[in-house]
Amino acid sequence: MRSEVHDESGDANPVINDTTETATRPLLIPDGAPPAFHLLAKPTGAICNLDCAYCFFLEKESLYPGSGFRMQEPVLEAYIRQLIESHQLNQVNIAWQGGEPTIMGLDFYRRAMALVEKYRRPGMTFLHTMQTNGTLLDDDWCAFLKEHNFLIGISIDGPRALHDIYRVDKGGGPTFDKVMRGLRLLQKHGVEYNILTTVNRQNGDHPLEVYRFLRDEAKTDWMQFIPVVERINDDGRTLLQQGSTVTDRSVRPEQFGRFLSTIFDEWVRNDVGRIYVQTIEAAARNWYGMPSSGMCVFNETCGTGLAIEHNGDIYSCDHFVEPNFLLGNIQQTHMIELVSSPQQLAFGTAKRDTLPRYCRECDVRFACHGECPKNRFIDTPDGEPGLNYLCAGFKHFFHHIDYPMQIMVGLMRRGRQAAEVMQILAGEEAKWAALFAKTERNQPCPCGSGLKFKLCHGQQAAGAALPPPRRPAPMH
Ligand code: SF4
Ligand code: SF4
């Protein structure tokens with residue numbers, strides 16, 4: 001189906017012109033302005049054609065009572081123009097998200113492309129991205145996405161049985177087939193895509209099933225895993241980042257740690273260098289000591305990933321589309337002034353400055369940085385507020401991957417391929433297996449745990465799911 005867009009003014013083909021410049025263009029880039037930033041545009045606001053149970057956008061509809069939830073031409077033009085003007089670097093990311101952005105129809109995005117051409121400076125390059133549920137894609141859409149080199153993020157929660165638990169349509173029906181149809185169309189047209197999987201209490205117990213499905217069936221080489229943490233507000237809704245209890249859809253902290261660790265174990269033995277898992281990549285960057293992990297949640301500070309609503313309102317972050325984090329509207333104030341406002345700079349540094357002591361003294365702080373402030377609503381063991389709900393999971397995960405990470409970073413520092421880690425680990429594990437084979441049940445376990453073999457790695461022979469040793473085999 002190809003949908004034609006008519007904006008609410010009734011003008012299907014508005015003339016692109018300069019009359020929409022309602023915000024004063026700044027003569028100078030303000031002090032402290034980031035040279036580049038990431039702005040997620042929500043042209044349909046919270047409106048979506050599906051009804052995923054855990055979607056944190058759907059309730060946002062109540063923030064704009066009576067709105068038509070369609071980005072109008074003046075806002076679209078101001079958005080594209082100001083985004084380009086605000087970038088001091090020549091690479092600009094134009095990112096569309098929802099709700100469901102494809103609801104706007106193709107003509108809206110054709111206009112967006114024309115506006116990019118109108119305002120681009122010589123030498124500028126653009127990365128067009130869109131996060132979609134994939135269900136409205138058709139051949140016309142995919143041809144357009146290919147023509148403009150879009151990078152598409154498609155949301156899939158795993159194989160059918162896991163995906164259909166929460167990702168349902170307005171009638172509560174399953175969506176797996178529709179999403180996979182969209183994915184196959186993207187593949188047919190050669191559109192670049194990656195897969196976003198939300199990790200919830202149901203699929204959280206099936207890491208290998210999810211990972212292998214994404215790799216082998218959905219055939220992606222780039223995946224991201226986003227934990228579902230829904231805070232319950234005093235009024236029982238999940239509209240705001242308030243409240244210290246979570247819904248029963250939310251992933252448990254330890255469950256998320258096990259989920260990531262299990263996927264890491266599969267990846268580090270088979271897929272290094274050919275499958276990209278965003279959380280693992282971010283960890284590798286932090287182990288390596290790079291200035292940014294590439295994920296705001298694992299950086300020391302944040303504040304350069306904002307959101308723009310359908311009416312031009314800009315919020316501090318996609319996860320904080322709520323009144324206290326509204327910075328202003330681009331039709332009154334130029335975007336760069338909002339992005340570099342004291343309120344936004346304070347938002348970004350608060351990620352670091354509000355860490356409880358427990359985090360400041362944590363041995364994996366360099367990798368975790370207390371993750372996202374939206375999830376910091378529990379107390380530390382000594383009673384200080386502001387600890388991340390997922391802390392136990394992150395501690396587990398970052399300790400679990402330390403040894404292979406050190407091997408990979410060591411390899412890269414010596415100019416070698418990180419993928420060599422697979423061979424190194426396989427060699428070490430063969431050595432351990434030989435040692436275990438020679439060990440009697442009541443002897444001390446060779447791993448050095450101090451336990452009898454039968455209570456430690458000897459259980460593996462009986463079928464228990466113990467992890468393989470994380471340290472090199474002793475050189476006997
Ligand atoms: S609040 Fe969380 S999601 Fe938003 S920019 Fe900061 S770390 Fe990222
Ligand atoms: S693992 Fe826990 S204690 Fe350590 S930085 Fe992360 S949230 Fe804080």
Checklist outcome for this item: Note on S86: of the conditions (1) of a type in the set (G, A, S); (2) surrounded by 23 or more Cβ atoms within 10 Å (Cβ to Cβ); (3) within 27 Å of M180 (Cα to Cα), unmet is (3)
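Looking only at the stretch 114-134, how many residues end up being assigned to a helix (DSSP H, G or I) and either in contact with a Lys or Arg (Cβ under 8 Å, 6 or more places away or on another chain) or surrounded by fewer than 17 Cβ atoms within 10 Å (Cβ to Cβ) (or both)? Give the derivation first.
Initially, the stretch 114-134 is screened for residues assigned to a helix (DSSP H, G or I), giving 114-119.
Among the residues that remain, those that are also either in contact with a Lys or Arg (Cβ under 8 Å, 6 or more places away or on another chain) or surrounded by fewer than 17 Cβ atoms within 10 Å (Cβ to Cβ) (or both) are: 114-115, 117-119.
Residues meeting the conditions: 5.
How do the helices (runs of 4 or more DSSP H) wholly within the stretch 353-452 filter down when requiring 3 or more residues that are surrounded by fewer than 17 Cβ atoms within 10 Å (Cβ to Cβ) and either away from ligand 2 (no atom under 13 Å from the Cβ) or in contact (Cβ under 8 Å) with a residue 12 or more places away in the chain (or both): which remain?
Passing ranges, in order: 402-413, 420-438.
Among the residues of the stretch 290-324, which ones are surrounded by fewer than 17 Cβ atoms within 10 Å (Cβ to Cβ), part of a loop (DSSP other than H, G, I, E, B) and in contact (Cβ under 8 Å) with a residue 40 or more places away in the chain? Break it down into steps so the answer makes sense when it comes.
Our first condition is that a residue be surrounded by fewer than 17 Cβ atoms within 10 Å (Cβ to Cβ); within the stretch 290-324, this holds for 290-292, 294, 301, 322-324.
Then keep just the ones that are part of a loop (DSSP other than H, G, I, E, B); that gives 290-292, 294, 301, 322.
Scanning the stretch 290-324 gives T301, E322.
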Checklist entry - Is it fair to say R167 is closer than 16 Å to L50 by Cβ, modelled with pLDDT under 95 and of a type outside the set (S, T, Y)? => result yes
Checklist entry - When the stretch 9-64 is examined, which residues are found to be outside any loop (DSSP other than H, G, I, E, B), modelled with pLDDT under 70 and exposed (fewer than 15 other Cβ atoms within 10 Å of the Cβ)? => result E59
Checklist entry - Can you tell me which residues in the stretch 150-208 are acidic (D, E) and in a helix (DSSP H, G or I)? => result D164, D177, D205
Checklist entry - In this structure, does R274 turn out to be closer than 21 Å to L196 by Cβ, part of a loop (DSSP other than H, G, I, E, B) and either within 16 Å of ligand 2 (Cβ to nearest atom) or at pLDDT 95 or above (or both)? => result yes
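From the list E361, E337, exactly one residue is among the acidic types (D, E), more than 14 Å from ligand 1 (Cβ to nearest atom) and closer than 25 Å to P253 by Cβ. Which is it? Don't jump to the end; show me each part of the working.
Values: E337 fails: closer than 25 Å to P253 by Cβ.
When all the criteria are applied, what remains is E361.
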Item to check | Residue that is modelled with the lowest pLDDT, among those in the stretch 467-476 that are surrounded by 13 or more Cβ atoms within 10 Å (Cβ to Cβ) and out of contact with any Pro (no Cβ under 9 Å at 6 or more places or on another chain) | outcome: P472
Checklist entry - Mind checking whether some residue in the stretch 248-260 is farther than 30 Å from R181 by Cβ, exposed (fewer than 15 other Cβ atoms within 10 Å of the Cβ) and at pLDDT below 95? => result yes
Next on the checklist: Suppose we keep only residues that are among the hydrophobic types (A, V, I, L, M, F, W, C) and in contact (Cβ under 8 Å) with a residue 60 or more places away in the chain within the stretch 166-218. Which one would you say is surrounded by the most Cβ atoms within 10 Å (Cβ to Cβ)?
Outcome noted: V199
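Would you mind finding the one in G386, G370, G393 that is within 18 Å of R252 (Cα to Cα), within 15 Å of ligand 1 (Cβ to nearest atom) and touching a Pro at 6+ places or on another chain (Cβ under 6 Å)? Working first, answer last.
Details: G370 fails: touching a Pro at 6+ places or on another chain (Cβ under 6 Å); G393 fails: within 15 Å of ligand 1 (Cβ to nearest atom).
Result: G386 is the single residue among G386, G370, G393 that is within 18 Å of R252 (Cα to Cα), within 15 Å of ligand 1 (Cβ to nearest atom) and touching a Pro at 6+ places or on another chain (Cβ under 6 Å).
The values are calculated or read from the model by the stated rules, or taken from the named source; none is laboratory data. The model shown is predicted, which means the values in this text are computed figures rather than measured ones. Cβ coordinates were reconstructed from backbone atoms using ideal geometry, including for glycine residues, and neighbour counts include every protein chain displayed.
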